[in-house]
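Peer 1: Once you've had a glance at the structure underneath, I'll fire off some questions.
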Amino acid sequence: MVVVGAGFGGLGVALSLHRAGFRRFTVLERADGVGGVWRDNTYPGAACDVPSSLYSYSFAPNPEWPRRYAAQPDILAYLVRASAVVRDRIRFGADVVAARFGGGRWRVELADGRSVGADVLVSAVGQLSRPLVPRISGVERFEGPVFHSARWDHAVDLRGRRVAVVGTGASAVQFVPAIQPRARAVTVFQRTAPHVLPKPDAVRRGAARPVASRAARFGTWLAGEALTALLTSGPVGRGVVAGLAAAHRRIRVPDRDLRARVRPTTRAGCKRVLFSNDWYPALRAPNVELVTEPIAEVTAYGVRTRDGREHRADVLVWGTGFAVADFALPRVTGRDGADLAEVWAGRPRAHLGMCVPGFPNLFLVYGPNTNLGGNSVLTMIEAQCRYVVAAVRHLAATGAASLEVRADVAERFDARLRDRLAGGVWAGCSSWYRTRDGSITTNWPGLTWEYLRRTRRLRLADHLVRAEG
Ligand code: NAP
């Protein structure tokens, strides 16, 4: 068995296989450490906006989270610790470039020309690993350092410098308040104002008892389900969330002019709802300017907006998000030479986000339509880990060679999903949830409860089970 990726998804699969008694698997990771996005995103203030009680594996609780919402170093340290038991199964520096199914097995090809054989292949390559830098004219002229939030250049000392930040998404609302006290000036370029809710963060004292940890996890999950229900149920539910965000703005932004400029113009939940207590206070700081005029170009000494004004800066930081990954390895060739990218034709889809007809024994983790707008993706990832283990168990117990989702089952699932998503909250504006043609390929349309129920057991009737490859 081969698992590609050692982020939350890939490690979750490896740990689940290990817990189920399987030892013959290899995790291939292109970097030199575990963690995925929690290894890459080291920007100041990086933290998770989902409480750690639920943003962790249920089978590896951490009673010693220092805060309710852990910071990136603590999350990365947790992942390193939790994955220690499978550490010797991980090959670092293994950059997978292709995988091909033939003769009943997968052959996984690495960038260095080597290859690894596998009966089962799990692709857990994440959705947000490729930083997106917008094409704005003049960037190459800029005289100072330029970097993306996910590739933070810690060698650049921001003390006393003027920093231009493009973007006001989940990353920017965390790093702007963290750099504001150090920088001489911060100019934030906002294209779309986000809906921001308060973050009920708290420092933890002492280790939590197991029963308290479980209760916190359940309570957080319920709260996430409630938020999702509000966001996806229609205008009334969305209005409640928008109202809470408006009340938060009224309290945190007394200045009417600034408040008008941070008022969202998109419906709540259409883009990710953000949680922060220090975003608005940072925008109110005397050394911070919020610019809502569109960017025209980057100059040698700053950023020029369409009104002709040049905003001087020494450092330029992109908080502009990610090019959503293609949900699978770079090149995947299934039965009869089928190419996954061609099959998808720009619209990634998989049965339950995991299985694709024509690609036997291939499982995608955190695949198409398994991201969430209101709850912890760990809930989805764990459901997928259980599903993969059930499939591997079935193959091991029966001696069957392969499992492949039936085309008619996958098509029915996809059609229903499209239907639900078309009228849903994410269809209302552009965001990383949607492809250029408007398809929503990232998000699950309902509650995690429904996904948990639908993945609870491996429905053999949904699959073609072959005795030989
Ligand atoms: P993002 O949510 O995609 O936000 C990107 C920001 O850059 C948006 O404000 C966007 O404006 C702006 N932008 C993009 N191109 C631009 C351009 N050409 N000119 C001006 N503005 C531009 O990216 P992110 O903040 O990195 O977050 C991405 C995802 O990562 C999140 O949704 C979340 O899933 C995950 N994340 C999670 C956490 C956490 O705490 N759990 C923290 C960070 C990130 P528009 O809105 O107008 O496009």
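Peer 1: Which one, 170, 365, 248, projects farthest toward the positive side of the charge dipole computed for the chain from Cβ point charges (K/R +1, D/E -1)?
Peer 2: About the Cα centre, the residue reaching furthest to the positive side is 248.
Peer 1: With labels modelled as points extended 7 Å from the Cα through the Cβ direction, what inter-label distance (nm, one decimal) is found for residue 301 paired with residue 88?
Peer 2: Using points 7 Å along Cα→Cβ, the separation is 6.2 nm.
Peer 1: Between the stretch 1-42 and the stretch 179-194, what is the separation of their alpha carbon centroids in Å?
Peer 2: 35
Peer 1: If each residue of separation counts as 0.36 nm, what is the full-extension length gain between residue 429 and residue 229 once their alpha-carbon separation is subtracted?
Peer 2: Numbers: separation 200, 0.36 × 200 = 72.00 nm, distance 1.89 nm.
Contour length minus Cα-Cα distance gives 70.1 nm.
Peer 1: Along the charge dipole of the chain, which of 350, 137, 47 sits closest to the positive end, that is, farthest toward it, with unit charges on the beta carbon of Lys, Arg, Asp and Glu (+1, +1, -1, -1)?
Peer 2: Sorting the options by dipole projection puts first 47.
Peer 1: Around residue 464, under 13 Å between beta carbons, what's the net of Lys plus Arg minus Asp minus Glu among the other residues?
Peer 2: Working: positive: 335, 406, 459, 466; negative: 404, 408, 462, 468.
Summing Lys and Arg as +1 and Asp and Glu as -1 gives 0.
Peer 1: Also, I was wondering about something else. Averaging over every viewing direction, what projected area does the convex hull of the Cα atoms of the chain cover, in nm²?
Peer 2: On the way: hull surface 90.7 nm².
Directional mean of the projected Cα hull area for the chain stands at 22.7 nm².
Peer 1: Hey, in the chain, which Cys have no second cysteine's beta-carbon closer than 4.7 Å?
Peer 2: 48, 355, 385
Peer 1: Full extension from residue 236 to residue 205: what is 0.36 nm times the residue separation minus their Cα-Cα distance, to one decimal in nm? The partial results should precede the final answer.
Peer 2: Numbers: separation 31, 0.36 × 31 = 11.16 nm, distance 3.86 nm.
So the chain would gain 7.3 nm between residue 236 and residue 205.
Peer 1: Another question, if that's okay. Quick one: dipole size for the chain, taken about the Cα centre, charges +1 on Lys/Arg Cβ and -1 on Asp/Glu Cβ, in debye to the nearest 20. List each step's numbers first, then the result.
Peer 2: On the way: 66 positive and 40 negative charges, 244 e Å.
Roughly 1160 debye for the chain.
Peer 1: Residue separation times 0.36 nm, minus the C-alpha to C-alpha distance between residue 420 and residue 284: what's the value? Working shown, then result.
Peer 2: Values: separation 136, 0.36 × 136 = 48.96 nm, distance 4.02 nm.
Stretched fully, the residue 420-residue 284 segment lengthens by 44.9 nm.
Peer 1: Find how many whole Å separate the alpha carbon centroid of the stretch 59-108 from the alpha carbon centroid of the stretch 316-371.
Peer 2: First find each Cα centre; the distance between them is then 19 Å.
Peer 1: What residues of the stretch 434-463 lie in the reach of a label at residue 396, counting those whose backbone N is under 19 Å from a point 7 Å from the Cα along Cα→Cβ?
Peer 2: 457-460, by backbone N distance to the label point.
Peer 1: Grab the DSSP H runs of the chain that are 4 residues or longer, score each as -39,500 (n - 2.57), total them, divide by all residues and round the 222 nm result to the nearest 500 deg cm²/dmol. Before the final figure, lay out each step's value.
Peer 2: Numbers: 12 runs with 140 residues, N = 469.
So the calculated ellipticity at 222 nm is -9000 deg cm²/dmol.
Peer 1: What are the residues whose amide H is under 5 Å from the amide H of residue 275, where those residues sit 5 or more places off or on another chain and H is modelled from the backbone?
Peer 2: Under 5 Å from the amide H of residue 275: 197.
Peer 1: Can you bin every Cα-Cα distance in the stretch 19-73 into 10 Å intervals starting at zero and give me the percent of pairs per bin, rounded to whole numbers?
Peer 2: 19, 40, 31, 9
Peer 1: While we're here: Run through the stretch 109-154 and list the GluC sites (Glu not before Pro) located in a DSSP loop whose Cβ has at most 12 other Cβ atoms within 10 Å.
Peer 2: Values: sites: 109, 140, 143; in loops: 143.
Counting only loop positions with at most 12 other Cβ atoms within 10 Å, the GluC sites (Glu not before Pro) in the stretch 109-154 are 143.
Peer 1: Could you give the size of the charge dipole of the stretch 34-150 about its Cα centre, using +1 on the Cβ of each K and R and -1 on the Cβ of each D and E, expressed in debye and rounded to the nearest 20? Please list the in-between numbers first.
Peer 2: Values: 14 positive and 11 negative charges, 55 e Å.
Its charge dipole is roughly 260 debye.
No lab work stands behind these numbers, since they all come straight from the coordinates. Because the structure is predicted, anything quoted here is derived from the model rather than measured. Cβ atoms come from the backbone with ideal geometry, glycine included; neighbour counts cover every protein chain shown.
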